[in-house]
Amino acid sequence: MSQFPEHFLWGAATAAYQVEGGFDADGKGPSIWDIFAHQPGATYQGTNGDVAVDHYHRFREDVALMAEMGMQSYRFSISWPRLLPKGRGEVNEAGVAFYSELIDALLEHNIEPMITLYHWDLPQALQDEGGWEMRSTAEAFVEYARLCYERYGSRVKLWATFNETIVFIGHGYVTGSHPPAVKDPARAIQACHHVFVAHALAVKAFRESGIKGQIGFVNVLQPHTPLTDSPEDKAAAALADGIYTHWLYDPVLKGEYPAELVSQTQALWGVPRFAPGDDSLLKENIGDFIGLNYYRRETVVANNEETQLKANHSGERNSGHEFGFKGLFKFVRNPNGVYTDWDWEIWPQGLTDGIMQIKARYGDVPIYITENGLGAKDPIIDGEIVDDARIDYLRMHVDAMEEAMRQGADVRGYYPWSFIDLLSWLNGYQKQYGFVYVDHHAGLARKRKKSFFWYQKLIASRGEQ
Ligand code: BGP
């Protein structure tokens, strides 16, 4: 029997920089991604989000497609510098109006908006002042959050503050592959702390605003399995889990850092500096839900080799994916694993296990699966986009999510990544995730893929199909 209750939300997700385009339209200020992606060699073949898939101008057409597919909710992010070009202060009313019209269009089609306030496009003006390393950025974030509550709060019930700390902090301050392209774990730890402070301040402001809704945090869910049973590999996998999961979930779900892990890693990157009052701020402002983005697991070994932080951005299998920190852990290929062209292991069981681990550690926190999907170069046969591999991937993960619900997890919605083909941050437009194809050789025309019709049936049958 289906585990999906009537109020379960079947949705899909996107993020501003990846779909909107209009990067300098109607008074928008530059974000760190606008600047970064224009630097030679920063992204795969120099792709950027200047135009993206032009959702900024075509959102009505896109919302009509969402409605046709039967989507009940749409997770999208707001571009902070579209609303506040300098990050704080003067409001760009044209930017405010864009999201206002988008929200109205969604509601006209009975599609519940879920807003992500921060999906990585920090106003460049704030980066120029030091970005997330400065506590003042957390204060500017709350000003921005309040503006969004004020303008959209009467119409929007579901809110998330941040998307995936591990990615924008990890890549922004450790691997250096995202802006601001720093490679210094100690700076990462402090920037990350200011993100938690910003989250807590925004949760507090949300509750003060009286909005009748829920606010949460979105994190990557990435299980780590040791390659062998050796105590070294097991310890390396546990450490990777601790860093990827506990370090980033505990502060927003328990209001504190995992003490044991903090002392274990102190010699490597120090400890976050707290300002007076941070302790109680974090503890008193736990969000209402957690959003989980699940794509893959990693197989882990202990690592004494030099640090290597290379990822596959070309979509050619086995093209130099080597990711490991000296003395900590290294990700290796699972010899029995099934992989995507970008060397991500497909492991649906990890979604069930991961959800159950969250429940075991944090209790009955409501969960939304805020991202899940397959990045692939979709086959086109006789003009049709026959993305059977995506359908298989999503079907297996819907089953895995349902299994966690059967085991008692409170999962309230599912948002595959992504509604439409869009810009993959470092992999260009060739890594497709959408239900809707975008033809870059035909004026960005939209076309329904095979998975569009599959998801339409899945929603109509409430997960049965
Ligand atoms: C998540 C991000 C998304 C999206 C997705 C797929 O980390 O929240 O914005 O891009 O991953 O990743 P990629 O585009 O690198 O394949």
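All of the numbers you see were taken from the coordinates with simple rules; none came from a lab. Please read these numbers as outputs of a predicted model, since none were measured by experiment. Because the Cβ atoms are built from the backbone with ideal geometry, glycine has one as well, and the counts that use them run over all protein chains shown.
Does segment 101-257 come out rounded, prolate or oblate by the C-alpha gyration tensor, with a ≥ b ≥ c the root eigenvalues, rounded set by a/c under 1.5 and, if not, prolate when a/b is larger than b/c and oblate if not?
prolate
In whole angstrom, how far apart do the alpha carbon centroids of segment 377-414 and segment 325-353 sit? About 18 Å separates the Cα centre of segment 377-414 from the one of segment 325-353.
Sorting the segments 360-372, 270-282 by their mean number of nearby beta carbons within 10 angstrom, highest to lowest, gives 360-372, 270-282. Rounded, prolate or oblate: which fits segment 147-238 when a ≥ b ≥ c are the square roots of the eigenvalues of the alpha-carbon gyration tensor, with rounded for a/c under 1.5 and prolate only if a/b beats b/c? Because a/c hits 1.5 or more and a/b exceeds b/c, segment 147-238 counts as prolate. With helices as the sole contributors, the chain gives -11500 deg cm²/dmol at 222 nm; each DSSP H run of n ≥ 4 counts as -39500 (n - 2.57), and the sum is divided by every residue. Using alpha carbons only, the radius of gyration of segment 1-76 set against its Kirkwood radius gives Rg/Rh = 1.13.
Just to be sure I understand: if I project the alpha-carbon convex hull of the chain onto a plane and average over all orientations, what area do I get in nm²?
Result: 20.7 nm².
Summarising the amide proton neighbourhood of VAL51: residues at separation of 5 or more, or on other chains, whose placed amide H is nearer than 5 Å comprise an empty set. Each residue of segment 291-299 was assigned a 3J(HN,Hα) from its phi angle through the Karplus expression (A = 6.51, B = -1.76, C = 1.60, θ = phi - 60°), giving x, 10, 9, 10, 10, 6, 10, 10, 9 Hz with x at Gly and Pro. Each peptide among 335-341, 70-76, 389-395 gets the average number of other Cβ atoms lying within 10 Å of its residues, and from highest to lowest they stand as 70-76, 389-395, 335-341.
Residues in segment 69-74 carry Karplus couplings, in order, of 6, x, 4, 9, 8, 10 Hz; the curve used is 6.51 cos²θ - 1.76 cosθ + 1.60 with θ = phi - 60°, and Gly or Pro positions show x. Roughly what % of DSSP beta bridges within the chain run antiparallel, to the nearest 5? If I count the DSSP bridges inside the chain, around 35 percent turn out antiparallel.
Note that segment 334-344 has calculated 3J(HN,Hα) couplings of 6, x, 9, x, 9, 10, 7, 5, 9, 6, 9 Hz, one per residue in order, obtained from phi through the Karplus relation 6.51 cos²θ - 1.76 cosθ + 1.60 (θ = phi - 60°); glycine and proline are x.
Put simply, the amide H of ARG297, placed in the peptide plane, has neighbours under 5 Å in GLU345, TRP347, leaving out anything fewer than 5 places away on its chain. In summary, the lysines within cross-link reach of LYS310, defined as a Cα separation below 18 angstrom excluding same-chain residues under 8 places away, comprise LYS183, LYS326, LYS330, LYS431. Would you please classify the overall shape of segment 328-372 from the alpha carbon gyration tensor, given that a ≥ b ≥ c denote the square roots of the eigenvalues, rounded means a/c under 1.5, and beyond that prolate means a/b larger than b/c while oblate covers the rest? Here segment 328-372 falls in the prolate category. A viscosity of 0.692 mPa s and a temperature of 37 °C, combined with the Kirkwood radius over Cα pairs in Stokes-Einstein, give a translational diffusion coefficient for segment 344-426 of 232 µm²/s. Under 5 Å from the amide H of GLY373 lie the amide H atoms of TRP417, each residue being 5 or more positions distant or on a separate chain, with H modelled from the backbone and absent for Pro and chain starts. Per-peptide packing, taken as the mean over residues of other Cβ atoms within 10 Å, places 308-319, 196-207 in the sequence 196-207, 308-319 from highest down. Calculated FRET efficiency, ASN304 to ALA460, Cβ-Cβ distance, R0 = 41 Å: about 0.15 to the nearest 0.05.
Between ASP24 and GLN407, full extension at 0.36 nm per residue minus the direct alpha carbon distance yields a gain of 133.1 nm. Model label points for LYS157 and ILE35, set 7 angstrom from Cα along the Cα-to-Cβ axis, are 4.0 nm apart.
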